[in-house]
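Novice: Here it is, the structure, as structure tokens.
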Amino acid sequence: MKKVVNEKLINRNKKIGNILTIAGAAILIGGLILNIRPDPTRTILSLAALIVGFVIAQISSYYVSRFVRSPRFDEIIADNLSKLNNDYTFYAYSGPVPMLLVGPHGIWIPIPLTASGEIHYDGKWKQSGGNFFLKFFGQETIGKPEKDIESRENQVRSFLKENFDETQMPSISSILVSLHPKATIGEVEDAPTPIVTIDALRRSIRKVDRKVEEIPQETLERINQLLKERE
């Protein structure tokens, strides 16, 4: 498998994450210091600082989890897919969505999930168990993956529509990838989008691709060319 990674964007977002982490911590500490000798003004300023610091900390956690921690999400996924043959190309932050896998049978959009506990589907995605504290602060939650899936597929489709009509459009498939070591996948047979653990990702993609007709070689080459032009 070939890889195209936007290192410039990753390094920029890594710096943003580090700066926001320091800024958020400084504001939170400042808010606590203001509250040591409270008076009406200090109390208001302290509360404002704590709110602002909390918001910045939440934003920084997004950048830290994706761009600062090692290995990054894209590195974990790319490592699992690395044994695919060179007809496949993995794009990390180089396309219309964070990660894309372009292959001879179409396009895959891997979407990482960091939710802990059991993940299952019964008309909508649900999460049982997990760390309550981390979930309360917006981490390790499943969120609403159906909205993320729809948004990313529409972004890819819109990108391709500029160069392909409906008859030439390759298949676009999303796949949810569970990255949390303590997550388990429960009943998901009726889920509209497949979900797999990271260890099963490559095997699952191969299994589906074997059943799908190959796209024309010129279409595959054109998609890769368009994505590389975005760098």
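Novice: What number of residues within segment 152-183 are buried (at least 18 other Cβ atoms within 10 Å of the Cβ) and among the basic types (Lys, Arg)?
Specialist: 1
Novice: Related question: Could you please find all residues in segment 101-132 being of a type in the set (Val, Ile, Thr) and either in contact with a Lys or Arg (Cβ under 9 Å, 6 or more places away or on another chain) or under 30 Å from residue 219 (Cα atoms) (or both)?
Specialist: 102, 107, 109, 111, 119
Residue by residue, here is whether (1) open to solvent by 60 Å² or more (accessible area, probe 1.4 Å); (2) of a type in the set (Val, Ile, Thr); (3) more than 16 Å from the chain's Cα centre (by Cα); (4) on the phi > 0 side of the Ramachandran plot holds:
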| residue | (1), (2), (3), (4) |
| --- | --- |
| 85 | yes, no, yes, no |
| 100 | no, no, no, no |
| 126 | yes, no, yes, no |
| 141 | no, yes, no, no |
| 148 | no, no, no, no |
| 191 | no, no, yes, no |
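Novice: Going through 19, 44, 10 one at a time, which residue ends up being modelled with pLDDT of 95 or more and over 30 Å from residue 224 (Cα atoms)?
Specialist: Step by step, each of 19, 44, 10 is checked, and only 19 is modelled with pLDDT of 95 or more and over 30 Å from residue 224 (Cα atoms).
Novice: Give the residue that is nearest to the chain's Cα centre (by Cα), with candidates limited to residues of segment 10-44 that are within 30 Å of residue 202 (Cβ to Cβ) and open to solvent by 50 Å² or more (accessible area, probe 1.4 Å). Lay out the reasoning, then the answer.
Specialist: Here is the first cut: in segment 10-44, the residues within 30 Å of residue 202 (Cβ to Cβ) are 10-14, 17.
Those left that are additionally open to solvent by 50 Å² or more (accessible area, probe 1.4 Å): 11-12, 14.
On the way: 11: 17, 12: 17, 14: 15 Å.
Among residues in segment 10-44 that are within 30 Å of residue 202 (Cβ to Cβ) and open to solvent by 50 Å² or more (accessible area, probe 1.4 Å), the one nearest to the chain's Cα centre (by Cα) is 14.
Novice: Residues of segment 61-98 being outside any loop (DSSP other than H, G, I, E, B), closer than 16 Å to residue 109 by Cα and not charged (D, E, K, R), which ones?
Specialist: 73, 76, 77, 78, 80, 81, 89, 90, 91, 92 - these are the residues of segment 61-98 that are outside any loop (DSSP other than H, G, I, E, B), closer than 16 Å to residue 109 by Cα and not charged (D, E, K, R).
Novice: Take the residues in segment 193-212 that are more than 21 Å from residue 122 (Cα to Cα) and among the β-branched types (Val, Ile, Thr); name whichever of them is surrounded by the most Cβ atoms within 10 Å (Cβ to Cβ).
Specialist: Residues of segment 193-212 that are more than 21 Å from residue 122 (Cα to Cα), as a first pass: 198-212.
This time we only want the ones that are among the β-branched types (Val, Ile, Thr), so: 198, 205, 208, 212.
Working: 198: 18, 205: 23, 208: 15, 212: 14.
So, considering only residues that are more than 21 Å from residue 122 (Cα to Cα) and among the β-branched types (Val, Ile, Thr), the one surrounded by the most Cβ atoms within 10 Å (Cβ to Cβ) is 205.
Novice: So in segment 83-105, with the set limited to residues that are at pLDDT below 95 and among the small types (Gly, Ala, Ser), which one is nearest to residue 21 (Cα to Cα)?
Specialist: Ranking the candidates gives 94 first.
Novice: Also: Mind checking which residues of segment 218-231 are among the polar types (S, T, N, Q) and free of Cβ contacts under 8 Å to residues at least 12 places away in the same chain?
Specialist: Scanning segment 218-231 gives a single hit, 225.
The values are calculated or read from the model by the stated rules, or taken from the named source; none is laboratory data. As the structure is a prediction and not an experimental result, all values here were calculated from the model. Heads up, the Cβs are rebuilt from the backbone with ideal geometry, glycines too, and the neighbour counts pull from every protein chain shown. Heavy atoms of the whole protein, side chains included, go into the accessibility calculation; ligands, DNA and RNA do not. Shrake-Rupley method; radii C 1.70, N 1.55, O 1.52, S 1.80 Å.
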